[in-house]
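Beneath this line is the structure, given in structure tokens, with notes to follow.
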Amino acid sequence: MTARVRLLVPIVLVASSAAALTQGRAGAARTGAIVGRVIDASHQPVADVLVMPLWETSSRHGKTIHPFDVRGGSTTNANGEFRIEHLFAGSYYLAALPRNVPRGQPLPTNSDAHRFGYAITYYPSVPRIGDAKPIDVGDKPVAAGDLTVASAHLAQISGTAIASNGQPAHGGHLAVTHGDHLFGVDSIAVPIRADGTFGIVGVPPGTYHLHLREGQWPPPRDVIPKVSVAKVIVSDGDVTHVRVLPVEMVRATGRLILSASQRALLASGIRVSGVPVDADGNPGPTRPGTVKDDLTFEFRAWPALGYIRVFVGHQEWTTKSVCLNGVDLGDRDIDFQQGKEISGLVVELGKPLPR
């Protein structure tokens with residue numbers, strides 16, 4: 001049976017009932033820790049499982065769950081034990097990501113090896129983040145107990161990566177990372193064959209983002225990234241004939257409204273950018289535009305629902321209003337569509353946000 005596959009620029013948002021945590025915690029101590037063990041259904045320890053803390057923060061449209069730190073997880077040892085340290089006090093979810101295929105050992109896609117393994121699991125042993133329960137962390141280690149990972153039928157993903165010139169990529173690597181609030185966590189690089197085809201083995205059910213990144217990465221600030229993308233949802237079988245396709249940034253132009261007292265801020269440098277509402281699967285860095293002396297600007301954003309951010313120097317400022325072609329957008333997002341330039345943006349500068 002072939003699994004569902006969706007190829008698009010993603011917009012995903014999942015809410016939760018946990019208390020909201022804020023990212024700005026200047027001066028707060030990171031002395032909290034979570035300890036526990038990962039086991040299977042037979043109560044045997046499972047080694048080489050990445051256990052990642054997730055937390056909930058306020059977003060433009062409510063609450064969102066995302067990794068506390070994409071490098072802040074803990075990998076289980078031979079006894080299945082993990083210890084996550086350097087946490088703020090607050091509530092966290094745990095995601096267990098089994099590494100069903102040893103790193104650095106690519107297998108051919110026609111192999112039956114690594115067809116069975118473990119599923120991505122959330123504390124306390126549930127398959128979906130919506131059913132997960134938070135763990136309250138203070139200034140001392142918290143014992144989470146056992147997290148049981150379920151068995152899973154592992155899939156293979158195969159297809160072709162198309163470069164920015166519209167032709168199959170000739171070699172290189174495909175970046176593969178998780179979706180479902182785990183973007184940026186435990187990514188791998190899969191080789192692309194000389195004819196542009198690729199194969200990924202040992203994939204448990206879940207959402208995955210495939211990115212072909214051309215040239216130096218991250219690219220220099222004055223270079224527009226060249227990226228091809230695909231979003232793949234694995235459910236109950238292999239996903240074949242995936243096409244990783246080029247995505248082009250959207251050009252947007254407009255002008256900034258400053259009060260008389262704000263004109264002096266131009267000397268500090270004012271940058272305007274279009275930012276995705278949801279960063280899950282984001283192809284790469286945005287390309288902000290610097291406001292000119294005549295108060296016009298030009299920037300490039302990725303195709304997605306997005307909003308405007310303004311920085312004066314290194315400090316972010318609010319926007320008092322954002323209008324598009326004479327219409328005040330209020331809290332509505334901007335639909336950045338590939339192949340359609342946006343003009344007529346008018347952004348009125350507000351106040352500096354607290355650092």
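Pairs of Cα atoms under 8 Å, at least six residues apart: use those to get the relative contact order of the chain, whole percent.
On the way: 943 pairs, mean separation 57.1, N = 355.
16 percent.
For Ala47 and Ile224, FRET efficiency with R0 = 56 Å and r from the beta-carbon atoms, rounded to 0.05?
Numbers: r = 43 Å, r/R0 = 0.76.
Efficiency for this residue pair is about 0.85.
Thr290 label point, 7 Å along Cα→Cβ, cut-off 12 Å on backbone N: hits in the range 194-227?
222
Going down the table (Lys231/Lys320; Lys63/Lys231; Lys63/Lys320; Lys133/Lys351; Lys226/Lys351; Lys226/Lys292), which pairs top 28 Å between alpha carbons?
Numbers: Lys231/Lys320 35 Å; Lys63/Lys231 23 Å; Lys63/Lys320 22 Å; Lys133/Lys351 37 Å; Lys226/Lys351 34 Å; Lys226/Lys292 26 Å.
As for pairs spanning more than 28 Å Cα to Cα, those are Lys231/Lys320; Lys133/Lys351; Lys226/Lys351.
For the pair Thr253 and Val35, how long in nm is the line joining their label points, each one 7 Å along Cα→Cβ?
Going from the Thr253 label point to the Val35 one covers 6.2 nm.
Quick check for you: which residues of the range 147-170 have the amide N under 13 Å from the point 7 Å beyond the Cα of His114 toward its beta carbon?
Answer for this model: 154-158.
Among the aspartates and glutamates, which have Cα under 20 Å from the Cα of Lys140 when same-chain residues fewer than 8 positions away are ignored?
Result set, ordered by chain and number: Asp69, Glu81, Glu85.
For Thr75 paired with Thr57, estimate the spin-label separation in nm (one decimal), with each label point 7 Å from Cα along the Cα-to-Cβ line.
2.6 nm
Enumerate the residues in the range 190-214 having an amide nitrogen under 16 Å from the point lying 7 Å beyond the Cα of His170 toward its Cβ.
Residues 192-197, 214 fall inside that zone.
Alpha carbon centre of the range 209-240 versus the range 167-181: separation in Å?
5 Å
Once both labels are modelled 7 Å past Cα along the beta-carbon direction, what's the Asp328-Asp146 spacing in nm?
6.0 nm
No lab work stands behind these numbers, since they all come straight from the coordinates. Just so you know, these numbers come straight off a predicted model, no measurement behind them. Virtual Cβ from ideal backbone geometry, glycine too; neighbours counted across all protein chains shown.
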